[in-house]
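Engineer: I'd like to ask some things about the structure below.
The values are calculated or read from the model by the stated rules, or taken from the named source; none is laboratory data. Fair warning: this is a prediction, and the values are worked out from it, not measured in the lab. Every residue, glycine among them, receives a Cβ derived from its backbone with ideal geometry; neighbour counts consider all protein chains shown.
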Amino acid sequence: MVPLSYYLVLSGILFACGVTGFLIKRNIITIFMSIELMLNGVNLSFVAFAAQWHALSGQVFVFFVMVVAAAESAVGLAIIIAVYRTRETLNVDRVNLLKL
Amino acid sequence: MLHLIVFSVFGLVCAAGAVNLLVQRHPINSALSLVVVMGSLAVEYLLLGAEFVAAVQVIVYAGAIMVLFVFVIMLLNAGEEDRTKGSRVAMLFGIPGVLIGSVLVAWVLLERSGTGNVAVGALPGPPKVIGWLLFHDFLLPFEVTSVLVLIAIMGAVVLASHPGAVQQSTQSDKREG
Amino acid sequence: MTPSPHLWLIPLLPLAGAAINGLFGKRFSRQTVSAVALGFCGAAFVMALWIAAQFHSSLPLLENLAPWIRAGDFQVDFAFYLDQLSLVMLLVVTGVGFLIHIYSVGYMWEEGGFYRFFAYLNLFMFFMLTLVLASNYLLMFIGWEGVGLASYLLIGFWFTKDSAASAGKKAFIVNRIGDFGFLIALFLMIKHFGSLNFVQVFRIVSGMPAEVAGTGLLTAIGLLLMVGAAGKSAQLPLYVWLPDAMEGPTPVSALIHAATMVTAGVYMVARSHVVFDRAPQALMVVAIVGTLTALFAATIGVCQTDIKKVLAYSTISQLGYMFMACGVAAYSAGIFHLMTHAFFKGLLFLAAGSVIHAVGGEQDMRRMGGLRHHIPWTFWTMTAATFAIAGFPPFAGFFSKDAILWRAYASPYGSWVYWLIGVFTAFLTSFYMFRLWFLTFFGEYRGAAGASHSDGHIQVVSSSRAEAPAPHIHESPKIMLVPLVILAVLSFCGGWVGSERFDKFLSPALHAGVTADSPEEAAAATPATEPKEQGGSETVLTGVSVLAAVSGLFLAWLLYYRRPQLPQEIAHALGGFYEAVVNKYYVDEIYAAVFVKPLIDGSTRVLWQGIDRDVIDATLDNSAEGAREMSDAVRHMQSGNLRSYAAWIAAGAAVVIAYMIWMGTR
Amino acid sequence: MSLGEFILVSIVKIVIAIGILLTAVAYTVWLERKVVGHIQNRWGPTRVGPFGLLQPLADGVKFIFKEDLLPPHVFKPLYIAAPMIALIFALTSISVIPIGNWITVFGIHTPLEITDVNIGLLVVLGITSLGVYGVALAGWSSNSKYSLLGGLRASAQMVSYEISLGLSLVGVLILAGSFSLRDIVDAQGGTFWGFIPRWNIFQGQIVAFFIYLMAAYAETNRVPFDLPEAETELVAGYHTEYSAMKFAMFFMAEYANMITVACLATLLFLGGWHGPLFGPPFLQAILPVFWFAIKIFAFLFLYIWVRGTLPRFRYDQLMAFGWKFLLPLAIANLVITALIVALRA
């Protein structure tokens, strides 16, 4: 019997790591991955709460999160490729000019 | 008791993977640590009884999205993250801030978020029931997300395709590879 | 079936004339323009005569043309009202007007803008007739304003001349100040009587008790009406515009500033006598204002050197007489003097016009003299008018002025003080009129031919009949002389009507006439205005007034014919007082300093710089500036550094989460 | 069946299964070389043991003793990990595949499978999708253009065909109504009009079987789609830099995947262990496993046969075929079966 709060702590940790990654990392792809990590943290808490309150809709919601994450990563990666093609670099600090 | 052991094992693996993602300098390593995180999460979902979610997590997240990431990393041949000077402000506030934040969140979760505990497989999520839910109660969101995915596909195709054959010829030599 | 009088036709004819001349005048020849103008004005005069002959017995006539304003129970219609009072005014206006039209054809023949002049004249006639024939105060007010407009247009006829233009503006503005009082009176009437028609208003007012205490509605209305009249008829506080109005052509001065427009105020006071009868305090104010104006204007007239200025001040003084008459409730005497004054003052102005015409535009009496041989017709007609205004017995002026003086003394409202001032003013009137007479027609010509190095004071060459040849002085053409002769005849025999018969003729209009339905009740209400019948004292007073006129003549003869250098010594003797009088007591300067300057300074410094620029513009500019500075400060956030954006997003999220935790755990 | 007993039985099953699988892999290699040889009018391995039967053993020993060199410029950790990942995921999918019916051995009555999960098919799908990493990472970490391109093409191909693979299975799922493989096989018992067995392939899923076949060949990078390690263009594709044992691992992983796919095909379309049962009770207990093995052998033989005959696809043809032909067909098939099931129900 695992108390619910353990799951929440785990998802909190995942989310925290995601946020720090999002803030610290300089490589665009890594930032993007930390976003995915955040989403996973959220998914975990969704399923944990669904389990606690015996509502399957929590799990269904996880699907929608996944679909959105998939769509987002597809477009995001396309953008990253486009950025790389024009800027020759993936370092976020160098991608700061609106003009080429 | 078994449930607790398995949970804590895979919880630790998950946390370690997440931290590893931060620590690693090379994006491919962080990508793989993220795959590890997703796998252990899938196991956590199984512990919670959400089989279909776990399976889909493995197939969709680990199997498709992360492959895309690895794919892009390979394609762009992204090297090590060069250490540009980290702004002191971020260092100064960042780390203590995060620590305090997480401790606060942890304390709140442990102390105050109710005492409900979850048994193994507390809420079985067999595919049949989930399927029923998905196509009855959540039909509209389902259709909307399908449109979303369609748009995402089109967007990705347009963005990633070379900007027109004409310019492509001039820039191709410089950029190929 | 008695034919309906078609009153509306009278004002319409001059309007048609004005429209035709105004719109198509540019293409007409001068003959056609004058034919149109004279034709329509003459038709109006003939119409007036026909109505007078046909309907003088069945007055008062009320002709309702069309509804104009329907605001709830307040109604105003285009309606004309003819009774004895307005019939007299009608005849005077159309008669004198017609004569002046004829005269001005000759006078303005060489002038530019010929058709424009006659369009304005006809327009003036239309408004004056509307004013006279109106059956309610609002229509009268339309005439009132229209007349003011026409006077503005005519004074400023030579608008290229700067002084003419500013004189026109001055006249219009001062008139408007007077009209302001008139308007408030109208508003009071609407508020309290619910209507502006003479019939309703006077029926309500006659039902009200006389306000002896000096406070109350009727007194207020009376005083305000007096303000309007003062503005229009150039009484004491608001007379400043009339002397400057001499900038206009002379026939204009004759028609507007002698015969018709300025008398509108007297007509209005006479018309609303019902109100004034019940507001004795207001009546007393009218009398005092009239008397003071008469005296004041007469003193200034004595020292004027410009021939038209002298006549202007004499007009103001004579109007003062009329208001004095109305002030002592002798309205019929006032109207009688109005009529006679229209004749001889019109004649004086026209004669002065022909004199100026003769000497080629010269208006300064010091450069005239000995003109009686050159322009005999003008000389004799002017002589008749001078004797009339001075008040010598056979002439019109004697009868009307004497009637006023007698009423001033004998009327229950009057007192010997009015009579005394009146007689002294009569003496002054005859003195300055004969001074003008001698200076213009006797002695020898001091005109452009004579080497005149006079620097403001009168310098007379003693040889009396020196025939300084002034080859270019010539008599006016016949078309100008005919009206002069007619007016001379009128001012000679105009007074023979006699004040009693005139009084009897006007009595239905002035006393019981308006309240036709209850004559006896009205008679009781109006205090007995018939003078105390001591026949003896009346002849004594008449003798005194004739004596005053003769002494005025003698003094003028002495100073300006016998020993011309005497005025010089008198002037030096009086010194400062003489200077003040010559400069018209500096009234214009005072008005400028007291009213005009503060107004202009106030508006520029306070309203413009103070409020508009410093308050309104400032707030606008500062708010724009503030927005710009604020946005400049915020601009630094958009640095392009993705990770700073990420930090802000994270910070925002943290705050939200913290808030929710705080809310949750509270 | 206490916990301890359960663990023991599981371990025994796992050992037996891995053993069978590895030997099957080895002998599939042998079978392929013999068949391809005969197709190309030559003998194939005959020297080592009768009919070359010991050839796989010889190869295994050879791979073990070969020098396992580690090129300097590779990304070491992933270079070493890649073959392991590939092999691990190839072998783990056998865990949920049921071989036969219930049997009682030494008094224990257990089903002939390592475990039964009610989402068995999803697990298999998940594991095959994870298999992509082995190939991708191998291609990237060996740090050479050929291997990078090979790795990219292989992973792109596997990812694309995975979808049509999944969709083609959905038809079967609709008929069987459950993800568990055992239920699917049970749903295929019995016969039509006496002699036609009620296998899915005969229940209107023939098109699905065809799609599954194509997708399976692409998934395992087999002949018509074996562009990644096409010798002529990319030397050896993603495992160019690999030698000895690591190369062997990739090799084994590939064949293990083939076998897994074959098992899956038999379970879903060929009715698993269903076949005519005759003879004494003991024989009847063995016969289902026999039928299962025969079907797998047939499928593998088809594999090798195709390899010997069909030419290789060009890369754009391959991708176009996958996305523009196979996927729409799979969706169409899915729709039709859904309609049929809905109408019939």
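Engineer: Please go through (1) surrounded by 21 or more Cβ atoms within 10 Å (Cβ to Cβ); (2) free of Cβ contacts under 8 Å to residues at least 60 places away in the same chain; (3) among the small types (Gly, Ala, Ser) for D:Gly322 and return the number of the only condition it doesn't satisfy.
Structural biologist: (2)
Engineer: Do we find that C:Thr299 is within 30 Å of C:Val497 (Cα to Cα) and either in a helix (DSSP H, G or I) or free of Cβ contacts under 8 Å to residues at least 40 places away in the same chain (or both) in this structure?
Structural biologist: Numbers: within 30 Å of C:Val497 (Cα to Cα): no; either in a helix (DSSP H, G or I) or free of Cβ contacts under 8 Å to residues at least 40 places away in the same chain (or both): yes.
The answer is no for C:Thr299.
Engineer: So which residues in the range B:133-149 are in a helix (DSSP H, G or I), of a type outside the set (D, E, K, R) and farther than 11 Å from A:Ala70 by Cα, if there are any at all?
Structural biologist: Of the range B:133-149, the ones in a helix (DSSP H, G or I) are B:133-136, B:139-149.
Going one step further and asking which of them are of a type outside the set (D, E, K, R), we end up with B:133-136, B:139-142, B:144-149.
Result: B:Leu133, B:Leu134, B:Phe135, B:His136, B:Leu139, B:Leu140, B:Pro141, B:Phe142, B:Val144, B:Ser146, B:Val147.
Engineer: Follow-up question, since we're still on this one. Mind checking whether some residue in the range D:316-331 is among the charged types (D, E, K, R), out of contact with any His (no Cβ under 6 Å at 6 or more places or on another chain) and under 24 Å from D:Leu31 (Cβ atoms)? Outline the logic, then answer.
Structural biologist: Of the range D:316-331, the ones among the charged types (D, E, K, R) are D:316, D:324.
Checking the rest, the ones that are also out of contact with any His (no Cβ under 6 Å at 6 or more places or on another chain) come to D:316, D:324.
Then drop every residue that is not under 24 Å from D:Leu31 (Cβ atoms), which leaves none.
No: the range D:316-331 contains no residue that is among the charged types (D, E, K, R), out of contact with any His (no Cβ under 6 Å at 6 or more places or on another chain) and under 24 Å from D:Leu31 (Cβ atoms).
Engineer: Does C:Tyr585 fit the bill of being surrounded by 14 or more Cβ atoms within 10 Å (Cβ to Cβ) and either touching a Gly at 6+ places or on another chain (Cβ under 8 Å) or in a helix (DSSP H, G or I) (or both)?
Structural biologist: Working: surrounded by 14 or more Cβ atoms within 10 Å (Cβ to Cβ): no; either touching a Gly at 6+ places or on another chain (Cβ under 8 Å) or in a helix (DSSP H, G or I) (or both): yes.
So C:Tyr585 does not fit the description; no.
Engineer: Taking the stated definitions as given, is D:Ile94 more than 14 Å from chain B (Cβ to nearest Cβ), crowded, with 22+ Cβ neighbours inside 10 Å and over 16 Å from B:Ile59 (Cα atoms)? Let's see the steps before the verdict.
Structural biologist: Details: more than 14 Å from chain B (Cβ to nearest Cβ): yes; crowded, with 22+ Cβ neighbours inside 10 Å: yes; over 16 Å from B:Ile59 (Cα atoms): yes.
Criteria met by D:Ile94.
Engineer: Among the residues of the range C:265-280, which ones are within 24 Å of C:Phe296 (Cα to Cα) and buried (at least 24 other Cβ atoms within 10 Å of the Cβ)?
Structural biologist: Hits for the range C:265-280 are C:Gly265, C:Val266, C:Tyr267, C:Val269, C:Ala270.
Engineer: Okay, moving on. Mind checking which pairs have a first residue in the range C:639-666 that is within 10 Å of chain A (Cβ to nearest Cβ) and a second that is of a type in the set (S, T, N, Q), Cβ under 8 Å, 6 or more apart or different chains?
Structural biologist: Going by the 8 Å Cβ cut-off, the qualifying pairs are C:Ser639/A:Asn96; C:Gly640/A:Asn96; C:Asn641/A:Asn96; C:Leu642/A:Asn96.
Engineer: Between D:Ile201, D:Ile211, which is touching a residue at least 24 places away in the same chain (Cβ under 8 Å), on the phi < 0 side of the Ramachandran plot and buried (at least 22 other Cβ atoms within 10 Å of the Cβ)?
Structural biologist: Of D:Ile201, D:Ile211, the one residue that is touching a residue at least 24 places away in the same chain (Cβ under 8 Å), on the phi < 0 side of the Ramachandran plot and buried (at least 22 other Cβ atoms within 10 Å of the Cβ) is D:Ile211.
Engineer: Also, quick follow-up: D:Trp102 passes all but one of (1) surrounded by fewer than 19 Cβ atoms within 10 Å (Cβ to Cβ); (2) modelled with pLDDT of 85 or more; which number fails?
Structural biologist: Against the list (1) surrounded by fewer than 19 Cβ atoms within 10 Å (Cβ to Cβ); (2) modelled with pLDDT of 85 or more, D:Trp102 comes up short only on (2).
Engineer: Consider A:Ala69 carefully, then state whether it is touching a strand residue (DSSP E or B) at 6+ places or on another chain (Cβ under 6 Å) and crowded, with 20+ Cβ neighbours inside 10 Å. Steps first, answer last, please.
Structural biologist: On the way: touching a strand residue (DSSP E or B) at 6+ places or on another chain (Cβ under 6 Å): no; crowded, with 20+ Cβ neighbours inside 10 Å: yes.
When the stated conditions are applied, A:Ala69 does not pass them.
Engineer: Name the residues in the range B:11-27 that are more than 8 Å from chain A (Cβ to nearest Cβ) and crowded, with 20+ Cβ neighbours inside 10 Å, would you?
Structural biologist: Within the range B:11-27, the first condition is being more than 8 Å from chain A (Cβ to nearest Cβ), and the residues that meet it are B:12-13, B:16-17, B:20, B:23-26.
Listed by number, the list holds a single entry, B:Gly17.
Engineer: Report yes if B:Leu34 is at pLDDT 75 or above, surrounded by 23 or more Cβ atoms within 10 Å (Cβ to Cβ) and away from chain D (no Cβ under 13 Å), otherwise no.
Structural biologist: no
Engineer: Within the range C:316-330, can you find the residues that are part of a helix (DSSP H, G or I) and more than 15 Å from C:Ala390 (Cβ to Cβ)? Before you say what the answer is, go through the steps one by one.
Structural biologist: First, pick out the residues of the range C:316-330 that are part of a helix (DSSP H, G or I): C:316-327.
Across the range C:316-330, the qualifying residues are C:Ile316, C:Leu319, C:Gly320, C:Met322, C:Phe323, C:Met324, C:Ala325, C:Cys326, C:Gly327.
Engineer: Every residue in the range A:16-67 that is facing chain B (nearest Cβ under 7 Å), among the aliphatic types (A, V, I, L, M) and in contact with a Ser or Thr (Cβ under 8 Å, 6 or more places away or on another chain), please.
Structural biologist: A:Ala16, A:Met33, A:Leu44, A:Ala48, A:Ala50, A:Val67, listed by residue number.
Engineer: Read through the list (1) in contact with a Gly (Cβ under 8 Å, 6 or more places away or on another chain); (2) surrounded by fewer than 22 Cβ atoms within 10 Å (Cβ to Cβ), then give the number of the only condition that A:Thr30 fails.
Structural biologist: In the conditions (1) in contact with a Gly (Cβ under 8 Å, 6 or more places away or on another chain); (2) surrounded by fewer than 22 Cβ atoms within 10 Å (Cβ to Cβ), A:Thr30 misses (2) alone.
Engineer: Among the numbered criteria (1) farther than 26 Å from C:Phe427 by Cα; (2) touching a residue at least 60 places away in the same chain (Cβ under 8 Å); (3) of a type in the set (A, V, I, L, M, F, W, C), which one does C:Leu559 miss?
Structural biologist: (1)
Engineer: Only one of (1) over 24 Å from the mean Cα position of the chain (by Cα); (2) surrounded by 16 or more Cβ atoms within 10 Å (Cβ to Cβ) is not met by C:Asp83, so which one is it?
Structural biologist: Every listed condition holds for C:Asp83 apart from (1).
Engineer: Could I ask something else about it? Can you say whether C:Ser314 is polar (S, T, N, Q), more than 16 Å from C:Ile256 (Cα to Cα) and out of contact with any strand residue (DSSP E or B) (no Cβ under 9 Å at 6 or more places or on another chain), as far as the supplied structure shows?
Structural biologist: Numbers: polar (S, T, N, Q): yes; more than 16 Å from C:Ile256 (Cα to Cα): no; out of contact with any strand residue (DSSP E or B) (no Cβ under 9 Å at 6 or more places or on another chain): yes.
So C:Ser314 fails the test.
Engineer: Quick one: B:Leu92 ticks every box in (1) over 29 Å from A:Val60 (Cβ atoms); (2) more than 7 Å from every other protein chain (Cβ to nearest Cβ); (3) at pLDDT below 70 bar one, so which box is it?
Structural biologist: (3)
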